[in-house]
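Here the structure comes first, spelled out in structure tokens, and everything after it is commentary.
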Amino acid sequence: MIVTELVEGIATVRLAAPQTANALDPAAFDELAQALQALQREDSGARAIVLTGTGRVFSAGANLDALGASGADELAARIQACVLPVHAALAAGRLPTIAAVNGVAVGGAIGLALLCDFVVAARSARFSFAFARLGLIADTGLTATLPRLVGEARARAWLMGAAEVDAEAAAAAGMIHRCVPDAELAEHTLALARELAALPGGGFAHMRAALERARLATLPDQMAYEAQVQAHRVSSEEFRAALAAFMARRRP
């Protein structure tokens with residue numbers, strides 16, 4: 001079950017199935033994708049998205065048993081149908097996104113959090129890379145996102161060793177943006193969301209796309225790409241309005 005709340009431009013999307021430790025079955029993935037897609041629309045009133053869990057758990061991860069018995073090809077298609085729409089709604093959306101990890105995140109739930117632009121975790125939170133205990137590989141994008149953030153050696157150790165990583169260690173390794181005291185998680189997350197919501201919103205998707213592209217591009221190619229996108233952004237009404245406001249603040 002997914003619960004969405006919109007207050008003053010900040011949309012909170014909450015995984016709200018505490019009876020199953022907020023586990024993600026196909027219905028939950030679909031509901032989450034639909035909620036995110038609705039908020040990403042220009043007329044939604046949202047200017048930033050916070051993704052969090054209910055209770056003491058962020059999420060127990062994907063419930064693969066709920067996919068049902070089937071052949072490998074059909075199961076692969078079902079898994080993709082669960083995760084790819086959520087990824088698209090986060091990675092290609094216009095809004096900045098923050099995962100507020102309020103408690104334990106297991107397996108694919110870690111991957112879900114790392115699909116967001118920022119991850120803020122409560123100090124008591126921990127990240128359980130449990131895949132290897134079940135003879136599985138990491139999913140929800142973790143084989144790509146985790147090595148980029150913490151380096152391949154550490155990612156290999158965590159994933160192959162089924163590591164339990166606390167929030168402070170995750171922050172020190174660069175996996176998450178910030179670790180904060182439990183009682184201050186909501187305050188810190190809301191403050192960050194408000195800072196992002198106050199910025200011109202048209203550039204977030206372009207910035208995200210440029211960072212993604214840079215992983216495979218040469219530096220000259222990336223600089224040429226930046227120049228093309230920047231030219232379009234400089235020509236936008238949003239840039240002109242933001243520049244005028246900036247200059248007005250600088251005047252004595």
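For the chain, give the percent of accessible area contributed by carbon and sulfur heavy atoms, probe 1.4 Å, rounded to a whole number. Its accessible area is 58 percent carbon and sulfur atoms.
Charged side chains reduced to their Cβ positions (Lys and Arg at +1, Asp and Glu at -1) give the chain a dipole of some 760 debye around its Cα centre.
In order along region 141-153, the Karplus-derived 3J(HN,Hα) couplings, from 6.51 cos²θ - 1.76 cosθ + 1.60 at θ = phi - 60°, round to x, 5, 5, 9, 6, 5, x, 5, 8, 10, x, 5, 4 Hz, and Gly and Pro are given as x. In whole angstrom, region 1-47 maps to an equivalent ellipsoid with semi-axes of 22, 12, 5, each derived as √(5λ) from the alpha carbon gyration tensor and ordered largest first. Between the residues A122, M223, A169, the greatest Cα displacement towards the positive end of the dipole of the chain, with unit charges on the Cβ of Lys, Arg, Asp and Glu, is found for M223.
Phi angles across region 200-214 convert, under the Karplus curve 6.51 cos²θ - 1.76 cosθ + 1.60 with θ = phi - 60°, into 3J(HN,Hα) values of x, x, x, x, 4, 4, 5, 4, 4, 5, 5, 5, 5, 5, 5 Hz, Gly and Pro given as x. When both region 9-25 and region 162-192 are represented by their alpha-carbon centers, they are found 18 Å apart. Scanning residues 5 or more positions from V119 or on other chains, those with amide H under 5 Å from its amide H are A99, H177, R178, with H placed 1.01 Å from N in the peptide plane.
In square angstrom, what is the accessible area per residue of region 99-171 with a 1.4 angstrom probe?
Heavy-atom accessible area per residue stands at 40 Å².
Short-range pairs are left out: with C-alpha atoms under 8 Å and at least six residues apart, the relative contact order of the chain is 17 percent. Charged side chains reduced to their Cβ positions (Lys and Arg at +1, Asp and Glu at -1) give region 101-178 a dipole of some 80 debye around its Cα centre.
Look at the dipole of the chain built from charges on Cβ: of L112, L134, A210, the Cα furthest out on the positive end belongs to A210.
The values are calculated or read from the model by the stated rules, or taken from the named source; none is laboratory data. These numbers were taken from a predicted model, which means no experiment stands behind them. Backbone-built Cβ (ideal geometry, glycine too); neighbour counts: all protein chains shown. With ligands, DNA and RNA removed, areas are computed over all heavy atoms of the protein, side chains included. Shrake-Rupley method; radii C 1.70, N 1.55, O 1.52, S 1.80 Å.
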